[in-house]
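The values are calculated or read from the model by the stated rules, or taken from the named source; none is laboratory data. Please read these numbers as outputs of a predicted model, since none were measured by experiment. Cβ coordinates were reconstructed from backbone atoms using ideal geometry, including for glycine residues, and neighbour counts include every protein chain displayed. Please note that ligands, DNA and RNA were not included when accessible areas were found on the heavy atoms of the full protein model with its side chains. Shrake-Rupley method; radii C 1.70, N 1.55, O 1.52, S 1.80 Å.
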Amino acid sequence: MSITITAFENSPDRGQGHARDMRVRWALEEAGLPYEIRLLSFQAMKEPAHLALQPFGQIPTYEEHGLALFETGAIVLHIAEHHPGLLPEDPEARARAISWMFAALSTMEPVIVEREMAGYLEGDRNWYQERLGMVEDRIRRRLGQLSARLSDADWLDGAFSAADILMVTVLRRLEGAGLLEEYPNLAAYVARGQARPAYRRAFEAQRAVFMAGANNGR
């Protein structure tokens, strides 16, 4: 039985690779694993069949040989632990890479997503610009800390790993905000990730779904 993941039938990111199945696709492409995609409408995501796999009605999910997983961090970690190339062999280096996976999702991503949500939910409020400024200051603090730690290294800790998959996709959420460009080493780091052939394959596969839907009038 092959690996099956779920993804948006009609992604709100308009095929720009920000939907979270991108992270799982990228990990699978890096590992050289074939996989199938089950596309879901927003309505299907709230129905019992999907809620049995993902209790919060989100994407992606991961199914293989009776195992069902949700949450991209858990899925990418599972792939990395069971297939070579995405985590170091050395136990201490492996533990550090896993720490960086948690840092991407627990330290970097929340404040970046907060900026997005503020725009969606509060953009018409007269105090929005003040709120945005405070959120962006918090983002800059995190970016500055990450930039200092990365320094002139290519990847977070030694060789490319699953941690870089998560961190690059998190940082990409700042595209168009003008914030990442304030830290040239981080902008270059994201560009290196995007230049990887596995990233390009995952991106084009995700974008193809959106384009097919757009051409079909969805």
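Things worth noting here:
- Here Ala68 meets each of (1) among the hydrophobic types (A, V, I, L, M, F, W, C); (2) out of contact with any Leu (no Cβ under 6 Å at 6 or more places or on another chain); (3) open to solvent by 10 Å² or more (accessible area, probe 1.4 Å) with one exception, condition (2).
- Number of positions in the range 33-65 that are open to solvent by 60 Å² or more (accessible area, probe 1.4 Å) and acidic (Asp, Glu): 2
- Residue count for the range 86-111, restricted to those that are open to solvent by 60 Å² or more (accessible area, probe 1.4 Å) and within 16 Å of Ala31 (Cα to Cα): 1
- Selected residue (criterion: nearest to Leu105 (Cα to Cα)) from residues of the range 43-57 that are in a loop (DSSP other than H, G, I, E, B) and free of Cβ contacts under 8 Å to residues at least 24 places away in the same chain: Phe56
- Residue match in the range 158-166 (condition: surrounded by fewer than 17 Cβ atoms within 10 Å (Cβ to Cβ) and in contact (Cβ under 8 Å) with a residue 60 or more places away in the chain): yes
- Taken over the range 11-20, the criterion of being at pLDDT 80 or above and out of contact with any Ser or Thr (no Cβ under 7 Å at 6 or more places or on another chain) is satisfied by His18 alone.
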